[in-house]
1. Filtering the range 28-58 down to residues that are touching a strand residue (DSSP E or B) at 6+ places or on another chain (Cβ under 9 Å), more than 14 Å from LEU79 (Cβ to Cβ) and open to solvent by less than 30 Å² (accessible area, probe 1.4 Å), which residue is nearest to the ligand (Cβ to nearest atom)?
2. ASP74 fails exactly one of the following numbered conditions: (1) open to solvent by 50 Å² or more (accessible area, probe 1.4 Å); (2) modelled with pLDDT of 95 or more; (3) over 16 Å from the mean Cα position of the chain (by Cα). What is the number of that condition?
3. Residues of the range 154-174 being touching a residue at least 60 places away in the same chain (Cβ under 8 Å), of a type outside the set (Gly, Ala, Ser) and touching a helix residue (DSSP H, G or I) at 6+ places or on another chain (Cβ under 7 Å), which ones?
4. Considering only residues that are touching a residue at least 12 places away in the same chain (Cβ under 8 Å), of a type in the set (D, E, K, R) and either assigned to a helix (DSSP H, G or I) or within 12 Å of the ligand (Cβ to nearest atom) (or both), which ones fall in the range 75-116?
5. The conditions are (1) buried (at least 17 other Cβ atoms within 10 Å of the Cβ); (2) over 18 Å from the mean Cα position of the chain (by Cα), and GLU123 fails exactly one of them. Which is it?
Amino acid sequence: VDPVIGLAAVAPLPAAHGITQAVILAAGLDARGWRLPWVQDTVLYEIDQPKVLQFKTATLSANGARPAVSHYRDIAVDLRTDWPKALQEAGFRADHPTAWAAEGLLPYLPADGQDLLFDRITELSATDSRVGVEAFGPGFFDGDYLQRRREQMRQLEQRAGQDPDKSDDVSELWYSEERADVPVWLAEHDWHVDTVTAADLMQRLGRGAEEDEVALPRTVFVEGVRM
Ligand SMILES: C[S@@+](CC[C@H](N)C(=O)[O-])C[C@H]1O[C@@H](n2cnc3c(N)ncnc32)[C@H](O)[C@@H]1O
């Protein structure tokens, strides 16, 4: 889970809606494929950069972990390239409903890259597909807020015995620019949409209630169902 914005552990389970094809975009170190009780015969595709997926799969495997999902397929491609082609070449079926997850990803895409991502997801989504997105809440890119988060990260790194001066600040990789509002975009493209703020979701799940305000991600979880 991304320490700054990710809450990957709480996205909806695809199997709850009878869907047996899932795609996690920018999966990172997400380990749902290894630890969730997937419905028999589900195929899970994970897309991320080669080094990230290699590190994850090798580390899990070296520790004796095996995927819990029936079919795991890692797609080691950059999301700025033609990833739908790579996905389909790996067996993805656009005529089957899909559960998509895109968490901790959008800040790394420019505004037009975000539009392209959702165009492609929509094009590949049969009726009844679902998408779970971690999107921006109010004040996500506020300088003050980011500065306080950075400070908090430094403290956490120090507590973990790491030298904060030697670690990268991921927010330097973010595209802080005007962009489409994800729930609005999805609603305009034939998705039925529900949203919940990360803060409300954390409170509902009994997580983070004792943290101060700076620990609460300014993100919104968006769930879309393809009509
Ligand atoms: C903050 S992590 C999120 C990981 C996971 N989804 C989560 O919520 O915990 C961001 C991930 O996006 C991936 N990423 C960013 N830009 C990417 C791109 N252009 N192509 C593929 N992966 C990308 C990074 O490699 C990293 O694993």
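1. ASP30
2. (3)
3. Here is the first cut: in the range 154-174, the residues touching a residue at least 60 places away in the same chain (Cβ under 8 Å) are 156, 170-171, 173-174.
Retained after the next criterion (residues that are of a type outside the set (Gly, Ala, Ser)): 156, 170, 173-174.
Residues satisfying the conditions are LEU173, TRP174.
4. Result: ASP78, ARG80, GLU103, ASP115.
5. GLU123 satisfies all of (1) buried (at least 17 other Cβ atoms within 10 Å of the Cβ); (2) over 18 Å from the mean Cα position of the chain (by Cα) except (1).
The values are calculated or read from the model by the stated rules, or taken from the named source; none is laboratory data. The structure displayed is predicted, hence computed values, not measured ones. Backbone-built Cβ (ideal geometry, glycine too); neighbour counts: all protein chains shown. These area figures cover heavy atoms from the full protein model, side chains too; ligands, DNA and RNA do not enter into them. Shrake-Rupley method; radii C 1.70, N 1.55, O 1.52, S 1.80 Å.
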